[in-house]
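Please read the structure below before turning to the comments.
The values are calculated or read from the model by the stated rules, or taken from the named source; none is laboratory data. Being a predicted model, the structure only gives us computed values, none of them experimental. Quick reminder, even Gly has a Cβ in these numbers, built from the backbone with ideal geometry, and neighbours come from all protein chains shown. Heads up: the accessible areas ignore ligands, DNA and RNA and are worked out on the full protein's heavy atoms, side chains in. Shrake-Rupley method; radii C 1.70, N 1.55, O 1.52, S 1.80 Å.
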Amino acid sequence: MAESGQADPQARRAAIADELRRLEESAMYSAQMQFETAKHWRGVHLMMGIPTSLLAAVAGTTALVESTGRIAAGILALASAGLSAIMTTVNAPQRVSHATMCANAYLEVQTAARQTRAVDLPVLPVDEARVVLAELTARRDEQNRAADPPGRSAYRRAQANVERGGQTYAVDRGHTVTGREAAEPSTTTP
């Protein structure tokens, strides 16, 4: 058996191409899961923010309009303060921002892996291609460390998005498009 440094260059190139495809797929699913996580936290923020604001408004109105409604106004104010405390602890806007940032970083890795495989790999020397693969893998691994783990529902929604053709470009489906459609993949991101 030949040493790895003397292995068949075509076999090594094919192995690098396979690894780049795996990297693309991993980044694609990770991006979709992070986008789904961002959608979840955006929903949590709205589901908690709207009632909190309404309770505060009703408590203030009740306190100002009725002198006998002090107890009701106090209860509403306490409920609003409780929801506000939960919202502060959950910090949904920060979670939305972080998940979206992580998703976009995964998309960057996905795009770079695809471009390396489809455009550069055929002409890159094998050793340089291996270096590029290592760099992309390191970027993906770094992003894995930075991203919060997605929940089970985000995983299922992301998988469904990808299976429906999310992140599939028209050119990859054999279609020719013009204008805005040419610049956007079929995806279900926020």
### Query
Between Thr168 and residues 5 or more places away or on another chain, which pairs have amide H atoms under 5 Å apart, with H built 1.01 Å from N, and which residues are they?
Ser186
#### Entry: Exposure rank, largest accessible area first [Val162, Val131, Val171; 1.4 Å]
Val171, Val131, Val162
### Query
Got a sec? Charge dipole of the range 96-145, +1 on Cβ for Lys and Arg, -1 for Asp and Glu; which of Ala118, Val132, Ser97 is way out at the positive end?
Ser97
### Summary
Surrounding charge for Ala138, neighbours by C-beta under 14 angstrom, Lys/Arg +1, Asp/Glu -1, total -1
### Dimensions (Å) - the chain, Cα atoms, principal axes, largest first
90, 41, 22
### Task
Compute the signed sum of charges (Lys and Arg +1, Asp and Glu -1) over the other residues within less than 12 Å, Cβ to Cβ, of Arg42.
+1
## Note on the structure
1/(1 + (r/R0)^6) with r = Cβ-Cβ of Ala118 and Met47, R0 = 35 Å, i.e. FRET efficiency to nearest 0.05, evaluates to 0.25
#### Entry: Computed magnitude of the charge dipole of the chain (debye, nearest 20; Cβ of K, R +1, Cβ of D, E -1)
680 debye
### Task
Can you figure out the FRET efficiency of Ala160 with Val90, using R₀ = 30 Å and their beta-carbon distance, to the nearest 0.05?
0.70
### Message
Could you work out the percent of alpha carbon pairs in the range 93-173 separated by over 20 Å, rounded to a whole number?
### Response
47 percent
